[in-house]
Each structure stands twice: as C-alpha cells, then as structure tokens.
Amino acid sequence: MQMIRMFKPSSRATRVGVALATAVALAGLALPAVAQEAIPALKPARESWAFAGPLGHFDREQLQRGFKVYKEVCSACHSLHRLAFRNLSERGGPEFTEGQVKGLAASYTVPDFDDKGQPVDRPGRPADYFPLVFPNDDAARVANNGAVPPDMSLLAKARGVKSGFPWFITDVVTQYQEQGPDYIHALITNGYLDEAKAEKPPEGFTVPPGLHYNKVFPAHSIAMAKPLADGQVEYTDGAPQTVDQYTKDVASFLAWTADPTLEQRKENGFRVLIFLIVLSVLLYYTKKKIWADAH
C-alpha cells in the first residue's frame, strides 16, 4: 500500500497530464484546418480605377451604376447603415438629384417613434440612414446559414491584401490605395469555381456544408454564393452588362461609401502641395537676399 501510494500521481500532475492530452487531441483535430489554411489565396490583380492616384476622381455614371447593383443584388443581405440617403446627392458622390433621393428614401421603411414614444415604421427621409437589412446578428445568422453578412459602408477600406516588404515602399511612392476595390472585384470575378469548366476545390480541401470555395477569400470557404451573372442587372447607359463590369461598378461605389470626401481631400492636398512649392521658392530667394552680404 505504501508503494502504491508512493507512485500515485498528485492532483497537480493529473491536471497537467489531462491538459497535455487535451492539447494533443486538439492539435490533432486542428491539423486538417491548418492544412486547408496553408493553401495560399489568389492575389487580386491591380485594376485601373478612375479614382486612383493623386489626381483621381470618381466617375459619376459608374457610381450610379454601382449603387444600382448594390440595391438590386447586394442589399438583399448587406446593409449600408453608415450612409445617409442625402449623401447620394452630395458633391463628390453619385450626385443624384434631390428628387431622386427623396423618392429613394421614401421607398424604404425606417423605424421611428410616434408622439407617445411608441415604435412605428414610416417612409424614409433624405436625412435618414439606410436601415439595417436584419434587426440583429442572430436574425442574420438564421437567414444566412450561420453567417453574418458584413455591412458594406466601409467594406472597401476594411478589405484588401497587404503588399508586404519591400513592395509597400513602391505603394507609398505610387500612392496605391485601391487594395479594397481590387479585392472585391477579384473575389467575385476570379474567386469562385467555374462550373462550366467543372472546376473543383484542391485535392484534400473539404468545403463545409452550406459554404462555397473561393480562391481569393483567405479561408477559401465563404458563405456567400456567387452573387452576379451576366445580364443580371439592366444598364440604360450602354455600359456592358457583364460580371466584370458589375463588380467594377459596385467596387467603385463602395470605395466612395468608405471615403466620400476623397475628391475634396485630393484637391486640398494638391493645393497644399502647390502652396508649399511656392513657399519654398520664396524662402530660398528671401534667404539669398538677406544673407547676400555674408557671402
């Protein structure tokens, strides 16, 4: 009995052993996930955007088409809650007329309170923000197979692929800031498997039930099915009705929602740059004038 008691593990040793066994078991379960995450994501190609560069500006017609794509396709799942209806008529954006904005706002139902403090629903006004698609995350998960569609207001700034060292130095020089729009465009146009070509996920990769394989999405398993197809949204300005054009338009629109003062900011920056150049020249000649006798 004494020998048995001598070799009986302590409670602390037992806890350590259980913890190690649990860690090993969890590591074994995690191996497939690690293997799947090891598959590199397809890097988005750099597209040509009208708003790129120090003198870039938004294409009004493209922003209006992008809003049309959002409203007819994306708004079924994704909110735009940080954008007010009136923003659509402001300078630097799609610049819809005030009448168009009033009609658009009135087509939405906005929650409010009456004179007695009771919750009511009323038609939207230009000063209102776009209402949420789902009242809460739980409702969104129920409607989307457990996933919560992200709000699109800042999506173009929140998404993107980092260039890494040393390429980010080139990005600083060229002022490349369009990683988000590039990512959105590539995710939809090049990310999904081509069913016509019978493409399949890489060997050994298991797509969870209800999800879809995407080459650009970092984890490769995405809850959103391919949302666009050629001819899905009707354009009246003669622009191509293709997935490539749809994604460029909606990515440009989302770039504006994430940075609605982009044009004003670039204009101010250009003015400041000119001012600094002129000031530098004046300071140089002033210095030569003052210190002429000393030289």
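General remarks:
- Unmet requirement for ALA229, which otherwise passes all of (1) surrounded by 15 or more Cβ atoms within 10 Å (Cβ to Cβ); (2) small (Gly, Ala, Ser); (3) at pLDDT 95 or above: (1)
- Only one entry of LEU42, LEU80, LEU55, LEU63 meets the criterion of being in a loop (DSSP other than H, G, I, E, B), of a type in the set (A, V, I, L, M), surrounded by 19 or more Cβ atoms within 10 Å (Cβ to Cβ) and touching a residue at least 60 places away in the same chain (Cβ under 8 Å), and that entry is LEU80.
- In segment 127-176, counting only helices (runs of 4 or more DSSP H) that sit wholly within it, the ones holding 1 or more residues that are modelled with pLDDT of 80 or more and in the same structural domain as GLY210 (by TED's automatic domain parsing) span 155-158.
- Residue in segment 190-207 that is outside any helix (DSSP H, G or I), more than 23 Å from the chain's Cα centre (by Cα), more than 14 Å from LYS43 (Cβ to Cβ) and among the hydroxyl-bearing types (Ser, Thr, Tyr) present: yes
- In segment 160-198, residue farthest from PRO227 (Cα to Cα) [restricted to those that are touching a Leu at 6+ places or on another chain (Cβ under 8 Å) and of a type outside the set (Val, Ile, Thr)]: GLY180
- Which listed residue, of PHE253, PHE270, is in contact (Cβ under 8 Å) with a residue 60 or more places away in the chain and either assigned to a loop (DSSP other than H, G, I, E, B) or within 18 Å of the chain's Cα centre (by Cα) (or both): PHE253
The values are calculated or read from the model by the stated rules, or taken from the named source; none is laboratory data. Note that the structure is predicted; figures quoted are calculated from it, not measured. Cβ sites come from the backbone with ideal geometry, for glycine too, and all protein chains shown count toward neighbours.
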